[in-house]
Amino acid sequence: MKNKHEKNSAPARDSFCKKDQSSMSAKKRPILVRSLENLKEMLNFSQFKLNGLEEAEQEAFQRFIAHREGRTKVTWAMKRALLKRFLELKAEGADLCACVDLSVRRGYNDVYVPTPKQERGRASKTQKTPLFEHLIASYEGLNYQNIEKAILKAFEFVANASPQKGYA
């Protein structure tokens, strides 16, 4: 059973189908070209040589590529650039497995060297500063163990001193 709209739309539907069939051959061509490019890229990746990397480092490289492919499409040029970055880090003496672990854990798009915790955090209390070194050199008997007490006594002395006593 046809409804009232079907009858009127039949010629329009037929002309649309004819246009669609004629334009389909043009649409299939880019898909075919894209699939050939993808096939070529897969073949190139199978020939991708990881010279200069040890077995564990090659596995780390593959793990990082899989991480990147989960986020964006990784091209042949990106893989070459990442391999170059790996070789640079290896030449600097970095542990590539640790670098990949950090980069994947933090969701980075590039491979970074982990920084030691002392450099990332605040300055430690035992870190020597030029002011403390100058004070220690200026006053006899002053060292890093008693400098805190000496500074606190100096502040108390200044707070308790009054302008009438001539300490202003």
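Read the figures in this text as sums done on the coordinates, not as results from a lab. Note that this is a predicted model, so its numbers are computed, not measured. Ideal geometry is used to build each Cβ from the backbone, glycine not excepted, and the neighbour counts take in all protein chains shown.
List of remarks:
- Ordering of 51-59, 152-160, 96-104, 79-87 by packing [mean C-beta count within 10 Å, highest first]: 96-104, 79-87, 51-59, 152-160
- Potential lengthening between Leu135 and Lys49 on full extension [0.36 nm per residue; Cα-Cα distance subtracted]: 24.9 nm
- Extension reserve of the Gln145-Asp95 stretch, reckoned as 0.36 nm per residue once the Cα distance is removed: 14.2 nm
- Filter on Lys40/Lys79; Lys90/Lys117; Lys49/Lys84; Lys84/Lys117; Lys49/Lys79 - keep pairs with C-alpha separation over 18 Å: Lys90/Lys117; Lys84/Lys117
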